[in-house]
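This report concerns only the one structure given below.
Throughout, read-outs are computed from the coordinates displayed, never taken from laboratory work. Keep in mind it's a predicted model, so treat the numbers as computed, not measured. Neighbour counts run over all protein chains shown; Cβ positions are idealised from the backbone, glycine included.
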Amino acid sequence: MRQTAVLIGATGLVGSEILKYALNDERFLKIKIFVRHSTGITDPKLEETLVDFDKLGDWRDEIKGDVLFSALGTTLKQVGTREAQRVVDYDYQLRVAQAAKLNGINNYAVVSAPNADPKSKLAYTKMKGELERDVLRLSFSKITIIRPGLLKGPRAHKRLLE
């Protein structure tokens, strides 16, 4: 049976690769992406929706499919404060995961970080650990947590030492 994939973070380094693979994977009939800015990609399988992540209530009911890929994230340099980074890397991701669960998505995959631990002394790995812990509590039928090492590749913004 061909599935519908839902993806947040499709314009980032990892998310754009997930999108490429999903578009070429015959298991997926449709790929629904929720983005702040258009990817510029046109494909018959792609359904792109421009959203404001602060207004999840406006589009929460559209988060429907078979699997949610969550690759949303930002950098401290881009947003300026740990609090603003947490909004993107924790709050938005958890809220979308909660909506996906309520809408019947049972398979969830999230891009996390090495050494993610809710008890970490480092703010970033602590935040990622808290996200993992709280997503696990949602009890999806299948959860995949990806903890990549250093991510190298073309980026819109330089991330030296971040």
- One finds the C-alpha centres of the range 7-54 and the range 103-141 to be spaced, in Å, by 21 Å
- Segment residue 60-residue 23, extension gain: residue separation times 0.36 nm, minus the distance between their alpha carbons: 11.0 nm
- Along the range 106-122, Karplus-curve 3J(HN,Hα) (6.51, -1.76, 1.60; θ = phi - 60°) to the nearest Hz, with x for Gly and Pro, reads 10, 10, 10, 10, 10, 8, 10, 8, x, 6, 4, 7, x, 9, 5, 7, 8
- Task: Go ahead and estimate [θ] at 222 nm for the chain from helices alone: -39,500 (n - 2.57) per DSSP H run with n ≥ 4, summed, over the residue count, rounded to 500.
- Result: -8000 deg cm²/dmol
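Expressed as cubic angstrom per residue, what is the convex hull volume of the alpha carbon set of the range 1-60?
Value for the range 1-60: 78 Å³ per residue.
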- Query: How large is the charge dipole for the range 3-146, taken about the Cα centre, if only the Cβ atoms of Lys, Arg (+1) and Asp, Glu (-1) carry charge, to the nearest 20 debye?
  - Reply: 460 debye
- In degrees, nearest 10, the alpha-carbon axis of helix 13-24 is tilted away from the dominant principal axis of the alpha carbons of the chain by 20 degrees
- What is the distance, in nm, between label points placed 7 Å from the Cα along the Cα-to-Cβ direction at residue 133 and at residue 145? 1.0 nm
- Query: Relative to the present Cα-Cα distance, how much length would full extension add between residue 117 and residue 95 at 0.36 nm per residue of separation?
  - Reply: 5.9 nm
